Amino acid sequence: MRMFLIGLLVLNLIYFFWQVGKQKEEVAVQTVLARGSAQVPLLVRLNEVDNPPSVNSPVPQELVLPDEPESPPTVAVMQGRYCYTLGPFTSEEMMLKTKHQLVASGISADSRENKERKQRGYWVYLPSYPSREEALAVSRELAANGLQDYFIINDNKNKHAISLGLFSKKAGSQRRVRNVAAMGFEPKIKVRYREQTVYWLDFETVEQNNSVMGITDSRNQAVEQLARHCS
């Protein structure tokens, strides 16, 4: 019985060393395995770790990652340009004050000025007479009919003419013409003008219809914000 146990132990040891040697041989063989006739070294994918490929397994192709799509070039977006003019200002002082208000609000403005012909009113008159004596005789006749606000002009352009009044509205001048015509005269109406310097502010924004009237203190009802072409 003792000899039987010793023999069984010896057989187990022999089997154990035989298995260890066989595993080493398999590992050694795997390290030199080649795929195909070109002796390509065995490549093992990650998904083949638990199931190693054989010698005749196809050689894995080079892994080619798809090219990442190129980002489109960044295009600088031009902001909108909207240009306006503020005016007219009849006072340079008020124009400069408004300009400072715009600058304080972050809006740069350029000022400019020009001469404008403004209507002053309607002048009613009797055309020039040949002499001052004749003009005096007519003025006495006007006074006899109750007309008091008149005077004889002495300048070279309208010498010996009789001024019958300057009216801001056309209706007033027409009434005067009818009254004097009823006295037997032929008065005339002439529109009078005066030259005046006016001022404008040109500015640019990035917002359409961006009104600046709320941030200015022009106190001038004639001042408007007008759209213009950007230069």
* If a residue has to be of a type outside the set (Lys, Arg), exposed (fewer than 12 other Cβ atoms within 10 Å of the Cβ) and either free of Cβ contacts under 8 Å to residues at least 60 places away in the same chain or closer than 20 Å to LYS97 by Cα (or both) to count, how many in segment 172-205 make the cut? -> 3
* To do: With respect to GLU224, determine if the residue is of a type in the set (Asp, Glu) and surrounded by 15 or more Cβ atoms within 10 Å (Cβ to Cβ).
  => no
* To do: Could you identify the single residue in SER163, SER168 that is surrounded by fewer than 12 Cβ atoms within 10 Å (Cβ to Cβ) and touching a strand residue (DSSP E or B) at 6+ places or on another chain (Cβ under 8 Å)?
  => SER168
* Subset tally (residues that are among the polar types (S, T, N, Q), surrounded by 13 or more Cβ atoms within 10 Å (Cβ to Cβ) and assigned by TED's automatic domain parsing to the domain that holds GLN174) for segment 94-138 -> 1
* To do: Output yes when any residue across segment 122-145 is within 30 Å of THR205 (Cβ to Cβ) and either in a helix (DSSP H, G or I) or touching a Gly at 6+ places or on another chain (Cβ under 6 Å) (or both), and no when none is.
  => no
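The values are calculated or read from the model by the stated rules, or taken from the named source; none is laboratory data. Since the model is a prediction, treat every value here as computed from it, not as a measurement. Counting neighbours? That spans all protein chains shown, and the Cβs are built from the backbone with ideal geometry, glycine included.
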